[in-house]
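Following: one structure in structure tokens, then a few remarks.
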């Protein structure tokens with residue numbers, strides 16, 4: 001997370017106490033960790049992603065360099081790990097704030113029993129699907145998406161020339177009253193039939209981006225979060241203090257500023 005937060009640092013020099021220094025140190029630790037594991041990954045028959053990148057070959061028999069592999073693994077920590085933990089954390093918070101939704105989701109998870117859920121099982125958890133979509137609307141795991149215009153375009157009455165970098169903030173679309181009813185309210189049913197408020201505009205709900213560059217991990221990421229929440233619902237009940245409202249630090253990826261005080265009780 002320190003590595004991610006460094007991206008928004010104003011001071012781009014490793015001065016003590018700065019985000020940049022923490023990020024540089026975090027990056028160095030990750031580089032050292034993955035570099036130390038490269039020899040075993042290249043020589044062994046491993047089936048994890050690190051080994052997969054080490055053994056990958058193009059049609060021309062080209063391979064990733066050590067630097068390529070390390071860079072891909074570090075990016076994966078942000079793209080496939082941090083975003084999922086942000087969404088899991090936010091969903092757990094909303095389920096704690098809204099116990100009726102927690103019980104509704106738990107009832108569906110309990111129906112699956114104690115077996116290890118497969119993809120079809122996770123797909124059957126309709127309530128969690130609604131909760132996760134609403135969580136992604138309220139707390140988009142990636143606050144800013146950068147794009148470049150490929151031609152002259154007019155957006156909301158503003159002329160934007162070709163080759164212009166544009167910062168798209170999902171939160172703007174996610175709280176647009178022309179798309180959403182009471183956008184500040186936690187209301188997972190807005191994604192259910194027949195309401196489907198996410199279909200009011202094709203770019204109204206964009207936690208994974210939109211168009212041809214939409215995140216390819218959107219389905220896997222949702223299943224990942226579902227699997228964790230399903231296990232939590234089967235194992236625990238949880239609450240937050242009365243009147244508690246989470247505040248999110250959106251400097252990089254959204255994280256609770258106070259660590260999010262949740263009380264877990266084993267069932």
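For the stretch 136-151, the set of residues classified as touching a strand residue (DSSP E or B) at 6+ places or on another chain (Cβ under 7 Å), at pLDDT 95 or above and not in a helix (DSSP H, G or I) consists of 139, 140, listed by residue number.
Taken over the stretch 9-28, residues that are out of contact with any helix residue (DSSP H, G or I) (no Cβ under 9 Å at 6 or more places or on another chain) and either assigned to a helix (DSSP H, G or I) or closer than 15 Å to residue 78 by Cβ (or both) amount to 1. Within the stretch 121-141, residues that are over 23 Å from residue 252 (Cβ atoms) have Cβ atoms under 7 Å from residues that are part of a loop (DSSP other than H, G, I, E, B) and at pLDDT 95 or above in these pairs: 130/192, counting only partners at least 6 apart in sequence or on another chain. Would it be correct to say that residue 120 is surrounded by fewer than 20 Cβ atoms within 10 Å (Cβ to Cβ) and in contact with a helix residue (DSSP H, G or I) (Cβ under 8 Å, 6 or more places away or on another chain)? No. Against the condition under 19 Å from residue 88 (Cα atoms) and surrounded by 10 or more Cβ atoms within 10 Å (Cβ to Cβ), how does residue 225 come out, does it pass? Against the criterion (under 19 Å from residue 88 (Cα atoms) and surrounded by 10 or more Cβ atoms within 10 Å (Cβ to Cβ)), residue 225 qualifies.
Scanning the stretch 107-123 for residues that are farther than 17 Å from residue 232 by Cβ and part of a loop (DSSP other than H, G, I, E, B) yields one hit, 118. Pairs meeting the criteria (first residue in the stretch 25-49 and exposed (fewer than 15 other Cβ atoms within 10 Å of the Cβ), second residue at pLDDT below 95 and assigned to a loop (DSSP other than H, G, I, E, B), beta carbons under 9 Å, at least 6 apart or on different chains) are 25/14; 40/46.
crowded, with 16+ Cβ neighbours inside 10 Å, under 19 Å from the mean Cα position of the chain (by Cα) and part of a helix (DSSP H, G or I) - does that describe any residue in the stretch 230-246? Within the stretch 230-246, one or more residues are crowded, with 16+ Cβ neighbours inside 10 Å, under 19 Å from the mean Cα position of the chain (by Cα) and part of a helix (DSSP H, G or I). Could you tell me whether the stretch 185-192 includes any residue that is out of contact with any strand residue (DSSP E or B) (no Cβ under 9 Å at 6 or more places or on another chain), more than 28 Å from residue 85 (Cβ to Cβ) and free of Cβ contacts under 8 Å to residues at least 40 places away in the same chain? No - not one qualifying residue is present in the stretch 185-192.
Within the stretch 150-164, is even one residue within 23 Å of the chain's Cα centre (by Cα) and free of Cβ contacts under 8 Å to residues at least 60 places away in the same chain? The answer is no, given that none of the residues of the stretch 150-164 is within 23 Å of the chain's Cα centre (by Cα) and free of Cβ contacts under 8 Å to residues at least 60 places away in the same chain.
The values are calculated or read from the model by the stated rules, or taken from the named source; none is laboratory data. Predicted, not measured: the structure shown is a model, and the values here were computed from it. Cβ sites come from the backbone with ideal geometry, for glycine too, and all protein chains shown count toward neighbours.
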